[in-house]
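Every number here is computed from the coordinates shown, using simple stated rules; none is lab data. Here the structure is a predicted model, which is why all the values come from computation and not from measurement. Cβ placement follows ideal geometry from the backbone for every residue including glycine, while neighbour counts extend to all protein chains displayed.
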There are 2 protein chains.
Amino acid sequence: MATIQDIAKHAGVSAATVSRVINNSGYVSTETRQVVEQAIAELNYVPNTHAQNLRRGSTRNLGIITSTLEDPVLARIEPFMQFANEANYTTTLFNTYNDPNRELETLDRLKAKELDGIFLIYRTNDWSKIEPYTQFGPIVTLHNIEDLDLNIQSVYIDHYSGYKMILEDLWENGARSFINVLGSRTGINTKRRIKAYLDFCEEHQIEPHDFEPFLGIGGIEGGYHAVELIDALEEKPDAVLAHSDEIASAIVSQYHKRGVRMPEDISVVGFDNLDISHLMDFTTVDYSIHEQGKNACRLLLNELGAGAYELAPLNFQLIKRNTTK
Amino acid sequence: MATIQDIAKHAGVSAATVSRVINNSGYVSTETRQVVEQAIAELNYVPNTHAQNLRRGSTRNLGIITSTLEDPVLARIEPFMQFANEANYTTTLFNTYNDPNRELETLDRLKAKELDGIFLIYRTNDWSKIEPYTQFGPIVTLHNIEDLDLNIQSVYIDHYSGYKMILEDLWENGARSFINVLGSRTGINTKRRIKAYLDFCEEHQIEPHDFEPFLGIGGIEGGYHAVELIDALEEKPDAVLAHSDEIASAIVSQYHKRGVRMPEDISVVGFDNLDISHLMDFTTVDYSIHEQGKNACRLLLNELGAGAYELAPLNFQLIKRNTTK
DNA sequence: TTGAAAGCGCTAACAG
DNA sequence: CTGTTAGCGCTTTCAA
């Protein structure tokens, strides 16, 4: 491979001049520039990225860390990548498969200057272990960190009002008993959903249902499992609220197979407004998940001084389809 | 950030020795090793990747190039990434959005030593433009390149027999007229499917249908469009064969909405056996798409001398569900 | 078993 | 406007 020296020789100039041409920095006469550009073209030269990065002390590469690659995660990753690409940043995706060590190793890449910043979608380590890394580069997350005094930005969105929105709509259409299919026991989203549900119950003077065993449910298999749990219930609920479209799709799928009619026999609602909700025609909540991914990137680039992007507002919107009245 | 020199000083040894410890190369006495390891731990040292890469002339990073991020593509990317990760390789995903220049720029990263090898899922440039890059690193693709004399490996799988399998099964169950919803007009998969269909027609002495306007159909929107095209037909077919589960999901979705019963009114078959086919309960063909992604990685690592992996065999299997008799 | 020294390819002062 | 020079942080001969 040709190096900058080869180009310099070929063009009869110094390496510094070639560098100036490549980077469009400093003064270069039009003639010299042309000669250099021709040499570059002739020798088919591409600068060695490692040398550039070593010299500059930065990459134009953002890391994306997740613990799973399910649809709702992908729905954030894609717009993030696209936005980064447009800003001329590269992205590297790391799946930790929920292994805390892998997560730490990946954060080390920030130290190793391999990554300029990180979009930490799902974390597995304590914040106290993660935060020290911010001295090596910005970190943005999907988690809620409002209460914590951390140097980490977040694109978290409080599910409370979105969830309440669903409940109220179901109520208006006659539903009186509900099952909340919830995710991570410790997650903030679960807490906020529970809060919304409890508040709702109080306002409408109804008895809340037991959250167990509907906690910690995830993935398509989780959705199938939820259906079995509901089947085992003595009193069937009027409506099932899934915490994601992925779960909802599995539930809807099972009901279709069993000939359970929606919304006549039971209502089902998802969350996220992914393609699947459209395809399977079930009610869900949209909150610009796409823009959320982009916002993560905007935040990161702003912190890196690579732009001054305004964040897009994220609003809840109920998307009514055929699984609710 | 601490550098190798800092560690050397701290441990009272030379940088060379630290390097030996880091890389587990050459001779280091147990004592020295311990002292160095302690220094590394104390100073929280992580080697600068760019310096390493510059020195070594290689990264442990594989590029994945695609022109779109739809489900069938993701279904290959995920296992590829996982396999690479396990072999201690990093992956970087590039979406060209069908822009030939972006594709070339990404291939340039091979030259720039930024990528050790490339999984070129979908290409947009001519092979003649792509092949020269193989001198800078191995390229593996999903495209068929059997006929061409290229230095590019492929995990292509001929759809002929898989497609024939579907047709025969439909025939046995009474279907006599078909619509083939086909992809890229120039793609080999389309050609092989057409060949399978024409052979099938000849064997069963039936008249093939016009391929137009069912060519070049892709994405969910494409599936919706296909349904409209079929509606406009004078004679309704007994069965619709989609070239991917994505297309099939859109078709099935539309039919559900319109109250068209499957398989009573019409049969629908997909291809790929993605999650969605299971969720929406439609018949499809499995051919270890997951292993195909891994094979791509195996091939790449073999070429890089980073292993001697055996390829997994890819076989067709008809997965019958409720959209066919 | 260890250290000295050279150099991977590039950029950025600085001097002219 | 252009060239000289130093050095980013690491690995790898070579010599001791």
Between B:Gln135 and A:Ser25, the FRET efficiency computed from the C-beta separation at R0 = 45 Å comes out, to the nearest 0.05, as 0.90
Any GluC sites (Glu not before Pro) in region B:202-278 that lie in a DSSP loop and have at most 15 other Cβ atoms within 10 Å would be B:Glu234, B:Glu235, B:Glu264
Cα-only Rg/Rh for region A:4-47 with Kirkwood Rh rounds to 0.90
Checked the protein assembly as shown with the C-alpha gyration tensor, a ≥ b ≥ c its square-rooted eigenvalues, rounded below a/c of 1.5, otherwise prolate if a/b is larger than b/c and oblate if not; verdict oblate
Relative to chain B, whose Cα atoms define the longest principal axis, helix B:30-43 and its Cα axis are tilted in degrees, nearest 10, by 70 degrees
Largest fluctuation, B:Ser154, B:Ser128, B:Ser19 only, Gaussian network model of chain B with Cα springs under 10 angstrom, belongs to B:Ser19
One computes Rg over Rh for region A:65-184 from alpha-carbon atoms, with the Kirkwood Rh, and obtains 1.07
Surrounding charge for B:Gln38, neighbours by C-beta under 15 angstrom, Lys/Arg +1, Asp/Glu -1, total -2
To the nearest 10 degrees, the tilt of helix A:160-172 (Cα long axis) against the first principal axis of the alpha carbons of chain A is 30 degrees
Toy charge model, Lys and Arg Cβ at +1, Asp and Glu Cβ at -1: the protein assembly as shown dipole around Cα centroid in debye, rounded to 20, equals 2320 debye
Computed on Cα atoms only, the convex hull of region B:118-252 has an orientation-averaged projected area in nm² of 9.1 nm²
GluC sites (Glu not before Pro) in region A:287-325 lying in a DSSP loop, each with at most 13 other Cβ atoms within 10 Å of its Cβ, come to A:Glu310
The whole-number value in µm²/s of the Stokes-Einstein translational diffusion coefficient for chain B, with Rh from the Kirkwood sum over alpha carbon pairs at 37 °C and 0.692 mPa s, is 146 µm²/s
